[in-house]
Structures are given as C-alpha cells and as structure tokens.
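The values are calculated or read from the model by the stated rules, or taken from the named source; none is laboratory data. The shown structure was predicted, so the numbers you read here are calculated from the model rather than taken from an experiment. Virtual Cβ from ideal backbone geometry, glycine too; neighbours counted across all protein chains shown. To get the accessible areas, we keep the full protein, side chains included, count just its heavy atoms, and leave off ligands, DNA and RNA. Shrake-Rupley method; radii C 1.70, N 1.55, O 1.52, S 1.80 Å.
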Amino acid sequence: MHRDIVIDKFGPASSLTLREITARPPGDDEVAIDVAYSGINFADIHMRLGLYPDAPKRPFVPGYEVSGKIAAVGKNVRDLQPGDPVLAGTFFGGYASTVTIPALQVLKLPAAYDLAAGAALPVACFTAQLAVVEMARVRRGDRVLIESAAGGVGVVATQMARHLGAEVTGLTTSPHKKSLITELGATPYTVDEFLSDPKLTGYDFILNSTGGASIEWQRARLGLTGRMVCIGMSSLIKDGKRSLLRVAAALMRMPKISMLKLSEANTGIFGLNSLHVLQDPAWAARLTRSLAAVDQIGVKPHIGKVFPAAEVAAAHAFLETKQATGKLLLQW
C-alpha cells in the first residue's frame, strides 16, 4: 500500500490529508522510486496557505525532494537499476511513498550520505549553488552574511561559502540556534543583535530569505560591489496562519529600488526562484552535476527532526513556528 499527502483546501497544518494511492509504472524514460524520506521546505507552508503562485490547481501533492530506492525503470534508462539508493528533485509530488519521475531528475546516492541526508540535499544544494556560486560568485576573502543560517538552505549556503574561502556571519531570530551556526564555522548573531551594531557592515554578499522590509536594511550593510540574493518571503507568515492583511503589509514594505540608487551604492540585488531555473533542461542538468559533487566540498546537511509521514501536520507546525533547525523530513 502506498500513500501520499494532498492539499485539497488551503488552511492550517491540520488540513493536510493522507490518502492511499497506487504506484504508477514508469514510462520509457522514467523511474519509479520507493520513497524513504521526503524533504519539507518553507515553500510547502506557502503552498498549504494558498500563497504560492507556482502551485498546481488543487488538489495537489506538495514536496520538492525525496530519497529512496529504485523500484522499476523504463526501457530507455541505463544508469539506474532496481534497488539503487537514490535522491531526486520533484516538481511537486514529493510527499508520497512512491514517485514516478523522469530519470534525469534522479541521482545515485553519493557514498558519503545515508538516505535521510539524501532527502535533505536537493533543494538546499540547488538553491545555495545558484545563490552563492552562480549569482553572487563568492570567492576567497569575501565577507558573507547568511540570513536564517540555521535553516536547511542556510546551513548548506554557509558550508559552501566557507569552502570557497569566505568569512561568514550567520543570522537567526532564535538565540538557541546560535550554537549550530557556530558549529558551522560562522559568527552568529540574532537579528536584534545585528541591527544594534552599526559596525557590522561592508558585506560582499548577503543571502536574504525573509523578503519585505528586511531587504532595505540588509542592502544598507552591503559594501562596494556587494551583491544580495533574495530567495524567499518568509515574512508573509507568522505561526502558520494565513492573514491577507499581513501579506499586504509585507508586500507594501517590499522596497522599490531604482537603478539610480543601485548605481549610487555600486551594489546589486538578485531575485531567485530555483523552481523556474530547474525548469530549464540545461540548468537542471548543470545543477544535478553539481549535486553529485557536494560530498567533495564537505557539505553535510543538518537533519533537525524526522517525523513519521502520518504526522505531517505536526511537522508543518514545527517549521512554521520557527522551532526547527536545519532540515525537517517525513519518513515513509
């Protein structure tokens, strides 16, 4: 018996529905995976609340990443065999005990990782690779500021930046998460601590994840030729509740920055939607190749907590109330 988790109506974590499904046989260029773990991302919270423009029409299954073992392969698939441990990126549909997807989205599990770590890698590594390496072009000696540094993407982005030789500062809203940031080799601050110290400025790269008003005050901390990459809008949500008033307020606080202001400051701002990048076949192949090498640069995802799939509501509540560090997983 296989199961998945569906969003058939927008609402609180308790609105997620577990249902029985039948595994779909793979097509000629596809593989079927018996899923061991599904990764949970903050985008899934946005989907559940109806705040994610790219989500399919309801009902749909959320989830961008899985790990497990190959159950069956299509006749044109050569590099994967039944029984192979794998990790994979999914364009939705990842909250399931079975997925059938194109083989190009699947990678054999690197020997350095177990299946739990494998499910924590795709979204974090793709996003960090695009932001830190492709857009910001971080290099040795750069001063880097990572917002939400104790989160799934933040942990990997910190490790990548340090591998490239950068000096990293990590931000968190929760004092108890500072110890994890220290373990990653970064200098930790709460957001309040950081804001109260005007000497913390001159950054070459800032990774912004909250959006809204934070973009403006973080932009002011960039040095000459500094770059900021914005990857999310977590400021839209508080305690897992959908509030159109809060959404409107966050969008109104989003700065409208003119080219003249950027020219005067000699800085740049990027927006990143990893899903859109991965829809380009050439970029998807490029990022998958980079994922195959993450063990060589010492990337180690931090698994904050693993929930049984039947407890998905508790997992979402844990993430949206900012209790989580690192990555949360569902186990099937």
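Would you check which residues across segment 48-58 are charged (D, E, K, R) and open to solvent by 10 Å² or more (accessible area, probe 1.4 Å) and list them?
Asp54, Lys57, Arg58
Would you pick out the residues in segment 152-166 that are without any contact (Cβ under 8 Å) to a residue 40 or more places away in the chain and over 14 Å from the mean Cα position of the chain (by Cα)?
Scanning segment 152-166 gives Arg162, Leu164, Gly165, Ala166.
Of everything in segment 185-214, what is of a type in the set (A, V, I, L, M, F, W, C) and either touching a helix residue (DSSP H, G or I) at 6+ places or on another chain (Cβ under 9 Å) or part of a loop (DSSP other than H, G, I, E, B) (or both)? Give them in sequence order.
Those that are of a type in the set (A, V, I, L, M, F, W, C) and either touching a helix residue (DSSP H, G or I) at 6+ places or on another chain (Cβ under 9 Å) or part of a loop (DSSP other than H, G, I, E, B) (or both): Ala186, Val191, Leu195, Leu200, Phe205, Ile206, Leu207, Ala213.
Residue by residue through segment 1-58, note down the ones that are touching a Ser or Thr at 6+ places or on another chain (Cβ under 9 Å), of a type in the set (A, V, I, L, M, F, W, C) and closer than 22 Å to Leu275 by Cα.
Hits for segment 1-58 are Ile5, Val6, Ile7, Val31, Ala32, Ile33, Val35, Phe42, Ile45.
Would you mind stating whether Ala149 is under 18 Å from the mean Cα position of the chain (by Cα) and farther than 18 Å from Gln296 by Cβ?
yes
Considering only segment 69-91, state which residues are closer than 22 Å to Thr17 by Cβ and either open to solvent by 40 Å² or more (accessible area, probe 1.4 Å) or touching a residue at least 40 places away in the same chain (Cβ under 8 Å) (or both).
Once the filter is applied, which keeps residues that are closer than 22 Å to Thr17 by Cβ and either open to solvent by 40 Å² or more (accessible area, probe 1.4 Å) or touching a residue at least 40 places away in the same chain (Cβ under 8 Å) (or both), segment 69-91 yields only Phe91.
Would you please name the residue that is farthest from Gln279 (Cα to Cα), looking only at residues in segment 94-128 that are open to solvent by 30 Å² or more (accessible area, probe 1.4 Å) and not aliphatic (A, V, I, L, M)?
Asp114
For segment 163-184, does any single residue satisfy the condition of being part of a helix (DSSP H, G or I), within 25 Å of Trp283 (Cα to Cα) and open to solvent by 10 Å² or more (accessible area, probe 1.4 Å)?
Within segment 163-184 (the criterion being part of a helix (DSSP H, G or I), within 25 Å of Trp283 (Cα to Cα) and open to solvent by 10 Å² or more (accessible area, probe 1.4 Å)), the answer is yes, since at least one residue qualifies.
Looking at segment 254-274, which of the residues that are touching a helix residue (DSSP H, G or I) at 6+ places or on another chain (Cβ under 8 Å) and in a helix (DSSP H, G or I) is least open to solvent (accessible area, probe 1.4 Å)?
The selected residue is Ser274.
Restricting to segment 23-47, and then to whatever is modelled with pLDDT of 95 or more and either open to solvent by 50 Å² or more (accessible area, probe 1.4 Å) or charged (D, E, K, R) (or both), can you tell me which residue is farthest from Gly83 (Cα to Cα)?
For segment 23-47, the residue satisfying everything is Asp44.
Search segment 191-206 for residues that are touching a residue at least 60 places away in the same chain (Cβ under 8 Å) and pair each with any residue that is among the basic types (Lys, Arg) when their beta-carbon atoms are under 6 Å apart and the residues are at least 6 apart or on different chains.
These pairs meet every condition: Tyr203/Arg143; Tyr203/Arg221; Asp204/Arg143; Phe205/Arg227.
Looking only at segment 185-220, filter to residues that are closer than 22 Å to Ala265 by Cα and among the aromatic types (Phe, Trp, Tyr); which one of those is surrounded by the most Cβ atoms within 10 Å (Cβ to Cβ)?
Checked segment 185-220; the qualifying residue surrounded by the most Cβ atoms within 10 Å (Cβ to Cβ) is Phe205.
Applying the selection to segment 289-300, what residues are of a type outside the set (Gly, Ala, Ser), open to solvent by 30 Å² or more (accessible area, probe 1.4 Å) and either within 23 Å of Leu184 (Cα to Cα) or touching a residue at least 60 places away in the same chain (Cβ under 8 Å) (or both)?
Asp295, Gln296, Ile297, Lys300, listed by residue number.
Considering only segment 295-313, I want to know if a residue exists there that is part of a helix (DSSP H, G or I), at pLDDT 95 or above, acidic (Asp, Glu) and farther than 19 Å from Ser179 by Cβ.
Yes, the conditions are met somewhere in segment 295-313.
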